[in-house]
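Everything on this sheet refers to the single structure shown next.
Each value in this text was obtained by applying a stated rule to the coordinates, not by laboratory testing. It should be emphasised that the depicted structure is a prediction, and the values quoted were computed from it without experimental measurement. Here the Cβ is made from the backbone with ideal geometry for all residues, glycine too, and neighbour counts use every protein chain on show.
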Amino acid sequence: MTFTGWLTIFGFAVILTALAMPLGSYMAAVYSGRRTFADRVLGVPERFLYRVLRVDPTQGQDWKAYGRSVILFSLAGWLLLYLILRTQTLWSFTGLNPQGFHSAPWDVTFNTTSSYVTNTNWQYYGGETTMSYFSQMAGLTVQNFVSAATGIAVAVALIRGIVGRSGRSLGNFWQDLVRTVLYVLLPISVVFSLVLISQGTIQTLSTYVTAHGLTGLSQVIALGPVASQEAIKLLGTNGGGFFNVNSAHPFENPTGFTNLVEMLLVLVIPAALVFTYGRMTGSRRQGYAIYTTMMLMFLGAAIVAYVAEAHGSPAQHAAGLHTGVIAGSSGGNMEGKDQRFGIAGSALFDVVTTVTSCGAVNSALESFTGIGGAVPFANLSASEVIFGGVGTGLYSILLYVLLAVFIGGLMVGRTPEYLGKKIEAREIKLTALGILVTPLAALFCTAMAVASSAGRQSISAVAAGGPQAFSETFYAYLSQANNNGSAFAGYTGFVQPVAGNVGSHGITFADLLGGLDMLFARFAPILFALAVAGSLAGKRVSPAGLGTMRTDNPTFVVLLIGVIVLVGALTFFPALLLGPIVQGLTGRLY
Amino acid sequence: MGIKREILTSVVAVLVLTLLLGVAYPLAITGIGQIAFPGNANGQLVYRHGRLVGSDLIGQSFATPVIDPRTGRIQTHDGIPVTTPDPRYFQTRPSGTTPPDNAAATTFANYGPNSRITERAIAANIRAYISLNGPYYPGGLTAARVPVDAADTSASGIDPDISIANADIQAHRVATVRHLPLAEVLRLVRTYTGGRGLGFVGNRTVNVLELNLALDRVSGGNR
């Protein structure tokens, strides 16, 4: 461990907070329909889009209508993306398939399509050997934007339900979608794709080039329109890499500085939304309480991961390596990490992308030490509420807040209330379902995969036997259920002998199970969250009295952390024991 | 809204947003990027005597093919040419791609922390590093003195950088083989050592391709 390593972690937390607060206020204005400085420029395209879509943005939707719009829009997006990916060769006329790649098999495409539409970006394929530039741009990039916008829209709808004073309207999905894209995602993506290019991220439509190295070996270098996709991949907590090694690739993430920028891009909207929530509820302290909860859990995870990775792995020590800091090298477990990021930049990046549903990686999670690798597991086990995905994080933690309020109410023997609204049986049932469907999907799919020989086909050769095989299987379905998309990347659902997909085939079992896992665990919680919003929207607000449990003080922060940890531990502990904890507690090699 | 109208809206929304976000946006960024930062946008490609030799950002293998003495042809193993590190050049980190430093099909090695396979891979990397650099290093090298980045596989498989400790050890070999004073090689190492982002993020790194190109300018390259 080094001083600069610690400075990276804590400096990051400070910069993040400083950026998220103003963005949160701005987003509150965007979703409350207040004027912002951007109206003058963006008002015209906004109104144009409403006209083309033939929607009336002022028309409110109740939770069922809002949910229906979410589902239909996602379905239309799913169908178009599947079509684009399966007809990859047809689009060669655009000149955007310079390598002449064929389409991936149907089962892999099913998985990929479901993955992008659900904001997961789980990837069984490698970008530079599978996808044409056209597919990456017109297919995947678009879903990076709109799946993120959908998540934010649902979170905003839930906020409106919680603060709603009368009626059943949660706002208008089409308005929330259009405003999220135009006012939030697109401007930030434009600015930061240019920032990334200025630091070395590439953006070109040229074919791959062949270099002849200094010793005469030739090297084919894959290129592409990377920066435009990279910015939204992080900003929308999507995480699907342009290249197979994702943000470890120097063309995606060229320097230590871009690594910092990329981490900020991932967390800035999830963090800002918490402040947005404080603004929209009219009580900023509610936002600060949730922010504190998230930040404490986040820093805890980052510290554990950094210490574990700086210590080094049993395999390194068995091979005789010295993993301490020496002059000119920061030591630690550099297996599966790139030099420019170092231990702190790699450990922090992977905490950032696993607390959110981003799932981009800049190092090989599978090569993390047992404890360092247990951190992403723990983050996923907390169901993406520590900042979480854009929107998904906020609506998920609000469900936990309601649960904590309920448990707190039971402990003091009062009817639980949140922001003046009574939390009753119907809301708690929906909340509990909303919280439990994700773990249920993850555990069910993992059990199916480890118990069947079809599932075990996907396990990588380097992991065969031992706890690593269980870890990578469990992680695969946990990650897909949480719509995260990071991977212990040895686990595969795609066999591709050569680049370009000729002669390749999918592992149907893993592709379909994972695809269904993602779809179920995305849309079921969305519907439960909207139902809770609908149920709360109509409730009358009673003034806070002496006996009202406060939800904006340190006691509540502790209670909330307790509830999140408890739910995660109770659901996942047995499974975690079999994989990462065994790997972490023993120095034994398998 | 009726369900039919809603379906129509959904389809139109997906198509319109595809045009905006999937076509207009990336093409606009490509245009601006190509004009404002042409070098970066195209991958910081490096040419020497008009020939493309690589990219500053992409690690490459500084090895030469092994010729089979019996057949006179390049030896292969599973269809991949067998290579041996060229001692005149600084060497990049171990790579998990096939063949090493494959910039057209990147992949992690995915070596687990508690795996015998990992231990064997690391041990092999240590042996290779010691046999390449040990004879030139004063006092010789042991496993405990090998910097971790020289023995551990990189993430991208095309890591363009090595640690300063790694470069300093290799400098002894390169200086001897090229008949250059050690101080001069170390000076070049310092020249191509990058700082940390904002002064504190990431590691200080030595860019191997830039360093090797500079060496060739000083003492003559292959061709």
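Which whole-angstrom value gives the distance between the alpha carbon centres of segment A:214-234 and segment A:1-69?
Segment A:214-234 and segment A:1-69 have Cα centres spaced 31 Å from each other.
Write down, largest first, the equivalent ellipsoid semi-axes of chain A in whole Å, where each equals the square root of 5 times an eigenvalue of the alpha-carbon gyration tensor. Show your work: numbers first, answer last.
Working: eigenvalues 261, 167, 107 Å².
Equivalent-ellipsoid dimensions as semi-axes: 36, 29, 23 Å.
So if I take the centroid of the Cα atoms in segment B:44-85 and the same for segment B:167-223, what is the distance between those two points in Å?
Spelled out, the Cα-based centre of one part sits 20 Å from the other.
So which chymotrypsin sites (Phe, Trp or Tyr not before Pro) in segment A:1-88 are both in a DSSP loop and have at most 16 other Cβ atoms within 10 Å of their Cβ?
Values: sites: A:PHE3, A:TRP6, A:PHE10, A:PHE12, A:TYR26, A:TYR31, A:PHE37, A:PHE48, A:TYR50, A:TRP63, A:TYR66, A:PHE73, A:TRP78, A:TYR82; in loops: A:PHE37.
The qualifying sites are A:PHE37.
Angle, helix A:284-311 long axis vs. longest principal axis of chain A, Cα atoms, 0 to 90°, nearest 10?
20 degrees
Under a GNM of chain B (C-alpha, springs under 10 Å), which listed residue has the highest mean-square fluctuation: B:ARG51, B:ARG93, B:ARG145?
B:ARG51
Helix-only mean residue ellipticity at 222 nm, chain B, DSSP H runs n ≥ 4 weighted -39,500 (n - 2.57), per residue, nearest 500. What is it?
Values: 8 runs with 90 residues, N = 223.
Rounded to the nearest 500, the figure is -12500 deg cm²/dmol.
How large is Rg over Rh for segment B:45-219, taking Rg from the Cα atoms and Rh as the Kirkwood inverse mean of 1/r across Cα pairs? Mind dumping the intermediate values first?
Values: Rg = 16.4 Å, Rh = 17.2 Å.
Over the Cα atoms of segment B:45-219, Rg/Rh equals 0.96.
For segment B:77-223, with the dipole built from +1 on Lys and Arg beta-carbon atoms and -1 on Asp and Glu ones, taken about the Cα centre, which of B:PRO160, B:GLY199, B:PRO81 lies farthest toward the positive end?
B:GLY199
Only sites in a loop by DSSP and with at most 11 other Cβ atoms within 10 Å count here; which trypsin sites (Lys or Arg not before Pro) in segment A:470-562 make the cut? Mind showing how you got there, number by number?
On the way: sites: A:ARG522, A:LYS539, A:ARG540, A:ARG550; in loops: A:LYS539, A:ARG540, A:ARG550.
Hits after loop and neighbour filter: A:ARG540.
Can you tell me the orientation of helix A:467-481 relative to chain A, as the angle in degrees between its alpha-carbon axis and the longest Cα principal axis, to the nearest 10?
Around 40 degrees separate the two axes.
Using only Cα atoms, locate the centre of segment A:103-152 and the centre of segment A:265-313, then give the distance between them in Å, rounded to an integer.
28 Å
Give, rounded to the nearest 20 debye, the magnitude of the charge dipole that chain A has about its Cα centre when Lys and Arg contribute +1 at Cβ and Asp and Glu contribute -1 at Cβ.
Numbers: 30 positive and 23 negative charges, 420 e Å.
The calculation lands at about 2020 debye.
Across the residues of A:362-368, average count of Cβ atoms on other protein chains within 10 Å?
Values: counts 2, 4, 12, 2, 7, 12, 2.
Taking all residues of A:362-368 together, the mean is 6.
Name the residue, out of B:VAL12, B:VAL82, B:VAL148, whose mean-square fluctuation peaks in a Gaussian network model built on chain B with Cα pairs under 10 Å.
B:VAL12
Charges on Cβ only, +1 for Lys and Arg, -1 for Asp and Glu, centred on the Cα centroid of the protein assembly as shown; of A:GLN136, A:TYR125, B:ALA63, which one is farthest towards the dipole's positive end?
In the protein assembly as shown, that residue is A:GLN136.
What are the ³J(HN,Hα) values, in whole Hz, obtained from phi via the Karplus relation 6.51 cos²θ - 1.76 cosθ + 1.60 with θ = phi - 60°, for each residue of segment A:272-279 in sequence order, with x given for Gly and Pro?
5, 4, 5, 5, 4, 4, x, 5
Could you tell me, in Å, what Rg and Dmax come out for the Cα atoms of segment A:385-528?
19.2, 65
When the helix-only estimate is applied to chain A (DSSP H runs of n ≥ 4, each -39,500 (n - 2.57), divided by the residue count), what is the mean residue ellipticity at 222 nm, nearest 500 deg cm²/dmol?
On the way: 21 runs with 345 residues, N = 590.
Taking each H run of at least 4 residues, the total per residue is -19500 deg cm²/dmol.
Leaving out same-chain residues fewer than 8 places away, which lysines sit with a Cα under 18 Å from that of A:LYS539?
A:LYS64, A:LYS421, A:LYS422, A:LYS429
Suppose a student asked you for the relative contact order of chain A, using Cα pairs under 8 Å spaced at least 6 residues apart; what percent would you report?
Values: 1128 pairs, mean separation 122.0, N = 590.
For chain A, the relative contact order is 21 percent.
Remind me, relative contact order of chain B in percent, using alpha carbon pairs under 8 angstrom and six or more residues apart?
Details: 281 pairs, mean separation 39.0, N = 223.
The normalised contact order for chain B reaches 17 percent.
Taking H as built 1.01 Å from N, whose amide H comes closer than 5 Å to the amide H of A:TYR418, not counting residues under 5 places away?
A:ILE423
Below 25 Å, Cα to Cα, which lysines can A:LYS337 reach? Residues fewer than 8 away in the same chain don't count.
Candidates past the 8-residue exclusion: A:LYS233.
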